[in-house]
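For reference, the structure discussed in these notes is given below.
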Amino acid sequence: MLGHARGILGDWQLYFLLALPLSYFIIFKYVPMLGVAVAFKDYNVFRGIWESEWIGLEAFREIFQMDAFLYALRNTFLLNLLDLVIGFPIPIILALLLNELRVKWFKRSAQTLLYLPHFISWVVIGGMAVQLFATNSGSVNVFLNSIGIESIPFLSEKTHWVLTYVGTGIWRDAGWGTILYLAALTGINKELYEAAEVDGATRLRKMWHITLPGIKPTIVILLIINVGHMASIGFERPFLMGNPGVSDVAEVISTYVYTVGIQSARYTVATAIGLFQAVIGLIFLLTADFISRKVNDQGIW
């Protein structure tokens, strides 16, 4: 114990720096978890959390009897699954292509253009989507009409709305994911490429046998993180791009919690939905991590 105490005192500056982020997580992440008790109480704003009456799992029974919640849950999984299946491989492909470029100024310019959309707020992107894809007044449909093509209901028909939603997300975030993979590529030993070139390997062969295995740990980690977020979804993107005409596919858990919790002031139900969402997300995260460990142990990756 004395040795541990001396070690802490000897590196007190490092522990002090560590205390700042730890304090942030404790105050703003862990302490608010006490509010989860609202999901098990008939919450009354005037009586407070601890004075409100306990109702057990009644709120959870209620939400599973709501058709609107089940639709929101389905839409959340559907949109996140499409984002994962379609959007996850694109940053990998872009990173592989950029890594093969030999003209440095073009490579830097392309990389900058790809990741800049990540810094645009969803509020701005939502406004841009309406201006570009509105059925009657959107710039894209105005152009299509001018060349004799009928308007495409990007934001007013369910299938087109889902495709527009997924495409917008890819446009915004693909470049940022590409940066992560390009950073991982810098850790690959260049001698491997030189040896493969001596053996007569083509660019495609080097990409498949050297580059992809080299960024495998990054791919696995990001895949686990993305799978862990399958039950959660941001509020701004579906809220800003959605409209009553496509509510059957645009209503997700985050917007439903806003409707129930803020607009209808049903705080108990909203908290129960949020807790259910967090538990499902944790299950997905642990399952994805378990599967990745098993796959790695068997040598498939």
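The one condition from (1) of a type in the set (S, T, N, Q); (2) open to solvent by 60 Å² or more (accessible area, probe 1.4 Å); (3) part of a loop (DSSP other than H, G, I, E, B) that N226 does not meet is (3).
Residue check: A201 meets all listed conditions (1) in a helix (DSSP H, G or I); (2) closer than 20 Å to I93 by Cα but one, namely (1). Here is the figure for segment 207-223: residues that are among the hydrophobic types (A, V, I, L, M, F, W, C), more than 19 Å from the chain's Cα centre (by Cα) and more than 14 Å from I93 (Cβ to Cβ) total 1.
Please determine, by comparing only the residues of segment 101-123 that are surrounded by 15 or more Cβ atoms within 10 Å (Cβ to Cβ) and free of Cβ contacts under 8 Å to residues at least 24 places away in the same chain, which one is farthest from A174 (Cα to Cα). My answer is K107. Can you confirm whether I90 is of a type in the set (A, V, I, L, M), under 18 Å from G177 (Cβ atoms) and out of contact with any Lys or Arg (no Cβ under 6 Å at 6 or more places or on another chain)? In short, yes. Just checking, does segment 46-55 include any residue being free of Cβ contacts under 8 Å to residues at least 12 places away in the same chain, more than 20 Å from L223 (Cβ to Cβ) and not in a strand (DSSP E or B)? Yes.
Within segment 54-69, can one find any residue that is closer than 30 Å to G167 by Cβ, of a type outside the set (D, E, K, R) and either open to solvent by less than 90 Å² (accessible area, probe 1.4 Å) or at pLDDT 90 or above (or both)?
Step one: filter segment 54-69 for residues closer than 30 Å to G167 by Cβ, giving 67-69.
Then keep just the ones that are of a type outside the set (D, E, K, R); that gives 68-69.
From the residues that got through so far, the ones that are either open to solvent by less than 90 Å² (accessible area, probe 1.4 Å) or at pLDDT 90 or above (or both) too are 68-69.
Yes, segment 54-69 has at least one match.
Name every residue in segment 124-164 that is polar (S, T, N, Q) and open to solvent by less than 70 Å² (accessible area, probe 1.4 Å), in order of residue number.
Of all residues in segment 124-164, those polar (S, T, N, Q) come to 131, 135-137, 139, 141, 145-146, 151, 156, 159, 164.
Answer for segment 124-164, where residues must be polar (S, T, N, Q) and open to solvent by less than 70 Å² (accessible area, probe 1.4 Å): T135, S139, N141, S151, S156, T164.
Against the test of being of a type outside the set (F, W, Y) and either open to solvent by less than 30 Å² (accessible area, probe 1.4 Å) or in contact with a Lys or Arg (Cβ under 6 Å, 6 or more places away or on another chain) (or both), the options A183, A196 yield a single qualifying residue, A196. Could you grab the pairs with beta carbons closer than 8 Å, sequence gap of 6+ or different chains, first residue in segment 241-255 and assigned to a loop (DSSP other than H, G, I, E, B) and buried (at least 19 other Cβ atoms within 10 Å of the Cβ), second one at pLDDT 90 or above and of a type in the set (D, E)? That search, which allows pairs on different chains as well, returns G242/E251.
Of all the numbered requirements in (1) at pLDDT below 85; (2) open to solvent by 40 Å² or more (accessible area, probe 1.4 Å), E236 misses one, and that requirement is (1). With the condition kept exactly as written, say whether any residue in segment 17-37 is touching a strand residue (DSSP E or B) at 6+ places or on another chain (Cβ under 9 Å), open to solvent by less than 100 Å² (accessible area, probe 1.4 Å) and assigned to a helix (DSSP H, G or I). Within segment 17-37, one or more residues are touching a strand residue (DSSP E or B) at 6+ places or on another chain (Cβ under 9 Å), open to solvent by less than 100 Å² (accessible area, probe 1.4 Å) and assigned to a helix (DSSP H, G or I).
The values are calculated or read from the model by the stated rules, or taken from the named source; none is laboratory data. Keep in mind that what you see is a predicted model, and the values were worked out from it rather than measured. Because the Cβ atoms are built from the backbone with ideal geometry, glycine has one as well, and the counts that use them run over all protein chains shown. Accessible surface is based on the protein model in full, side chains and every heavy atom, while ligands, DNA and RNA are left aside. Shrake-Rupley method; radii C 1.70, N 1.55, O 1.52, S 1.80 Å.
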